[in-house]
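Engineer: Take a look at this one; I'll ask things after.
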Amino acid sequence: MFNLFKWGFKKSPWVYHLAASACNNCDIELLDALTPKHDIERFGMVLVGSPRHADIIIVSGIVNRQSIERFKRTYDQVPKPNLVVAIGACACSANMFRDSYNFVKPMDEIVPVDVYVPGCPPKPEAIIAGIVKALEKL
Amino acid sequence: MEGLKIIFFNYFILPGFLFSAVIGLLSTWVDRKVTARLQWRKGPPWFQPFADIAKLFGKEIIVPEGGSTFVFLAAPLVGLSAITLVSTILWMSNVFPAVGFVGDLFVVLYLLTVPSLSAILGASASKNPFAALGASREMKLILAYELPFLLSVLTIVYKTGSIVLGNIIGFQAQHGITLFSLSGIIAFIVVLFVVQAKLGYVPFDAAEAEQEIISGIYTEYSGPALGIFKFSRAILLFVLPVLMITLFMGGINILSPLGILWFVVKYVIILTLIILIKNTNPRLRIDQALRFFWGPITCLAALGFILAMIGW
């Protein structure tokens with residue numbers, strides 16, 4: 001059966017950027033994906049500022065002792081159903097911060113992560129491809 | 001019973017909700033597409049606003065803790081019902097000029113402020129500092145633009161000698177449209193700026209400035225409630241140009257194919273003007289917007305009214 005909501009979700013995923021504690025490199029690449037050259041509005045994606053409007057949470061960076069509470073709270077503020085895309089090596093595997101005193105636990109033990117986009121930082125094309133893969137999971 | 005059925009049909013389907021929502025959503029797509037082209041982008045496909053609405057109506061709705069649940073959820077509906085009524089009255093007056101009642105112009109003017117007021121109500125009920133800031137800015141903006149708006153409409157009322165929409169259209173059919181006079185042009189320019197502020201578009205989008213206060217008045221809204229706000233904004237984008245066409249460009253002659261074509265041409269011209277102003281201006285601070293409306297724009301509107309009294 002044709003599911004109107006699923007169709008709408010796939011055609012209009014609003015992106016919310018959540019920097020857990022990134023070094024800004026992935027964030028810059030995400031901003032690059034928003035520029036006219038890549039133009040993610042072709043796929044209906046819009047960067048929204050409020051977690052209440054979000055459909056896809058894009059997380060960058062490891063979750064550390066400072067940000068874990070805020071991270072959980074922000075995730076709870078997002079209306080369900082939603083998707084989580086982890087971008088960058090830190091969000092995927094904690095990278096070189098694995099043994100750091102500040103690292104709490106891997107991201108998928110805190111929230112359900114749908115797609116991992118590796119790279120340090122990932123290219124804008126890879127981020128867009130990751131979001132499209134996440135939409136296919138629906 | 002039959003009359004009630006016709007009223008329901010008019011309100012919910014043909015000139016009312018369904019019709020104006022579809023055209024309004026298509027207009028928001030035109031807005032987004034033209035904006036994208038002006039920024040050397042490709043832009044969204046034509047069904048984009050419909051996909052947004054379909055998605056929003058399937059999502060969860062979160063009521064913020066500590067806010068007023070009833071006002072928070074009722075506010076979008078109040079705005080939507082008011083703007084739908086405006087659309088119905090305007091279209092019925094254009095298609096059947098005889099169905100109007102004395103003072104329907106003022107009913108339309110009052111109802112046009114209700115979407116902004118409902119957004120203020122909802123934002124104030126959501127217990128969010130960004131929303132409260134946006135609500136305060138929206139309130140100042142209403143105070144700013146209502147005076148020149150009413151002065152310009154008074155110019156038209158003075159020129160046509162009527163406060164009934166049907167008679168204003170009839171007068172223009174006999175004596176030529178009101179835009180073709182000095183006072184008419186001045187009033188048109190003033191109303192164009194006011195429409196920009198009523199729609200919450202750049203340069204007067206301080207109430208939902210996404211770069212500084214998240215999304216302002218809509219910050220706490222999610223799911224269907226946000227979708228209803230999107231509906232009222234889309235219908236507003238359709239209704240305000242129709243009001244301008246009714247007041248300044250001789251209304252809509254729906255009974256002949258050429259009349260419908262003329263309406264489309266007029267509508268596209270006004271929509272393009274709105275989108276061009278939106279895309280070629282920076283955002284004004286709220287005090288600058290207030291100074292702009294109470295200074296030059298109100299003076300211009302008063303000048304237009306005086307010129308109308310002289311007979312230009």
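The values are calculated or read from the model by the stated rules, or taken from the named source; none is laboratory data. Since we're looking at a predicted model, the values are computed, not measured. Note: ideal-geometry Cβ built from the backbone for every residue, glycine included; neighbour counts use all protein chains shown.
Engineer: In region B:214-223, which residues are facing another protein chain (nearest Cβ under 10 Å) and part of a helix (DSSP H, G or I)?
Structural biologist: Passing the criteria: B:216, B:218, B:223.
Engineer: Would a scan of region B:281-293 turn up a residue that is free of Cβ contacts under 8 Å to residues at least 60 places away in the same chain, in a loop (DSSP other than H, G, I, E, B) and over 23 Å from residue B:119 (Cα atoms)?
Structural biologist: No.
Engineer: Let me spell it out: the conditions are (1) surrounded by fewer than 19 Cβ atoms within 10 Å (Cβ to Cβ); (2) in contact (Cβ under 8 Å) with a residue 12 or more places away in the chain; (3) within 24 Å of residue B:194 (Cα to Cα); (4) of a type in the set (Gly, Ala, Ser), and residue B:136 meets all of them except one. Which number is the exception?
Structural biologist: Going through the list (1) surrounded by fewer than 19 Cβ atoms within 10 Å (Cβ to Cβ); (2) in contact (Cβ under 8 Å) with a residue 12 or more places away in the chain; (3) within 24 Å of residue B:194 (Cα to Cα); (4) of a type in the set (Gly, Ala, Ser), residue B:136 breaks only (2).
Engineer: Mind checking which residues of region A:108-138 are in a loop (DSSP other than H, G, I, E, B) and either touching a helix residue (DSSP H, G or I) at 6+ places or on another chain (Cβ under 9 Å) or on the phi > 0 side of the Ramachandran plot (or both)?
Structural biologist: A:110, A:111, A:113, A:114, A:118, A:119, A:120, A:121, A:122, A:123, A:138
Residue-wise test of (1) assigned to a strand (DSSP E or B); (2) within 14 Å of chain B (Cβ to nearest Cβ); (3) within 12 Å of the chain's Cα centre (by Cα); (4) among the aromatic types (Phe, Trp, Tyr).
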| residue | (1), (2), (3), (4) |
| --- | --- |
| A:26 | no, no, yes, no |
| A:38 | no, yes, no, no |
| A:52 | no, yes, no, no |
| A:74 | no, yes, no, no |
| A:79 | no, yes, no, no |
| A:84 | yes, no, yes, no |
| A:96 | no, no, no, no |
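Engineer: Let me ask something additional. Take the residues in region B:192-204 that are buried (at least 22 other Cβ atoms within 10 Å of the Cβ) and not basic (Lys, Arg); name whichever of them is nearest to residue B:239 (Cα to Cα).
Structural biologist: The residue in question is B:195.
Engineer: What is the one condition in (1) basic (Lys, Arg); (2) touching a Pro at 6+ places or on another chain (Cβ under 6 Å); (3) part of a helix (DSSP H, G or I) that residue B:55 does not satisfy?
Structural biologist: Condition (2) is where residue B:55 drops out.
Engineer: Kindly provide the set of residues from region A:4-16 that are part of a strand (DSSP E or B) and either acidic (Asp, Glu) or in contact with a Gly (Cβ under 9 Å, 6 or more places away or on another chain) (or both), ordered by number.
Structural biologist: Once the filter is applied, which keeps residues that are part of a strand (DSSP E or B) and either acidic (Asp, Glu) or in contact with a Gly (Cβ under 9 Å, 6 or more places away or on another chain) (or both), region A:4-16 yields A:14, A:16.
Engineer: Scan region B:246-265 and tell me whether some residue there is assigned to a loop (DSSP other than H, G, I, E, B) and touching a Pro at 6+ places or on another chain (Cβ under 6 Å).
Structural biologist: no
Engineer: What about residue A:13, is it buried (at least 19 other Cβ atoms within 10 Å of the Cβ) and either within 9 Å of another protein chain (Cβ to nearest Cβ) or at pLDDT 90 or above (or both)?
Structural biologist: For residue A:13, the condition - buried (at least 19 other Cβ atoms within 10 Å of the Cβ) and either within 9 Å of another protein chain (Cβ to nearest Cβ) or at pLDDT 90 or above (or both) - is met.
Engineer: Do you know which residues across region A:54-69 are farther than 24 Å from residue B:217 by Cβ and in a strand (DSSP E or B)?
Structural biologist: Once the filter is applied, which keeps residues that are farther than 24 Å from residue B:217 by Cβ and in a strand (DSSP E or B), region A:54-69 yields A:58, A:59, A:60, A:61, A:64.
Engineer: Is it true that some residue in region B:59-66 is free of Cβ contacts under 8 Å to residues at least 40 places away in the same chain, outside any loop (DSSP other than H, G, I, E, B), at negative phi and within 14 Å of chain A (Cβ to nearest Cβ)?
Structural biologist: No, that holds for no residue.
Engineer: So, one more: Among the residues of region B:42-58, write down those that are more than 7 Å from chain A (Cβ to nearest Cβ), buried (at least 18 other Cβ atoms within 10 Å of the Cβ) and of a type outside the set (A, V, I, L, M, F, W, C).
Structural biologist: Residue satisfying the conditions is B:49 alone.
Engineer: All but one of (1) buried (at least 18 other Cβ atoms within 10 Å of the Cβ); (2) within 13 Å of another protein chain (Cβ to nearest Cβ); (3) within 17 Å of residue A:121 (Cβ to Cβ); (4) of a type in the set (Val, Ile, Thr) hold for residue A:58, so report the exception by its number.
Structural biologist: It is condition (2) that residue A:58 fails.
Engineer: Do we have residue B:25 as within 14 Å of chain A (Cβ to nearest Cβ) and over 23 Å from residue B:218 (Cα atoms) here?
Structural biologist: So residue B:25 does not fit the description; no.
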